[in-house]
Each structure stands twice: as structure tokens, then as C-alpha cells.
Amino acid sequence: MDPFVRQLVGRLLDPAAPLSRNRHFHTFEDELGRQALKVSRRLRALEDELRQIEAKGGRTRAAFSEVSGRVQVVLELEHLSLRRSAVLEPAEFELLCTLPAARRAFTPPAGA
């Protein structure tokens, strides 16, 4: 991931210092800015799903693929017989894990 895109996504996801898309519209006019918006929206959507799964008692897991170098995130809701999979770049997964719901989902419980 481009360092500029990573920085923008981090700012877009940071609730303490959010980056206003309206105030900084010129930042999002080029290809890298649009890519950052796309990644941030995708990660926010995953976080929303993680929050819903957490509330309903579902399971989540992440598996790193040695072949592709990507991380597969699997979301499972047993009561709906639902299973969703998302494939992320390692940098995207790191950014996802900065969000509260993802941190709770992918951090092993104490004593495990």
C-alpha cells in the first residue's frame, strides 16, 4: 500500500483526529485520495459487521495466507448460517485492527 494512502486511511479512521473530507476535498480528487476513501469505507463496513457479530455472539477469525501474502478475515453468524469472507492486504488488516471492534475480535482473550 502506498504510504500516502496508508496515512490518509489512518486519519480517516482515527476518531480522535478525523480528517474532514469536505475541508480537504482537494486531497481526495486524485487517484491516491480516491483509493484511500475506498479502503477506509471498506474497513468501516467490516468494523460495523464485526460489531454486529460481537453483539449477536458470532465468531471471527483471521488467517494469513503464505501463498498470496494476504489476510483472510472470516465472519460467522451461526444463528443465520451466514459466513462472510474478506481478503485484505496486510497493511489493510493492520489498519482494521486499529478500530475498537476489530481489536476486540482479533485479540486473544487473557489466559488463552
With respect to Ala102, determine if the residue is on the phi < 0 side of the Ramachandran plot and assigned to a helix (DSSP H, G or I). yes
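Could you check segment 66-79 and list, in sequence order, the residues that are aliphatic (A, V, I, L, M) and either at pLDDT below 70 or farther than 19 Å from Leu50 by Cβ (or both)?
Val67
The values are calculated or read from the model by the stated rules, or taken from the named source; none is laboratory data. All values derive from a computational prediction rather than experimental measurement. Cβ coordinates were reconstructed from backbone atoms using ideal geometry, including for glycine residues, and neighbour counts include every protein chain displayed.
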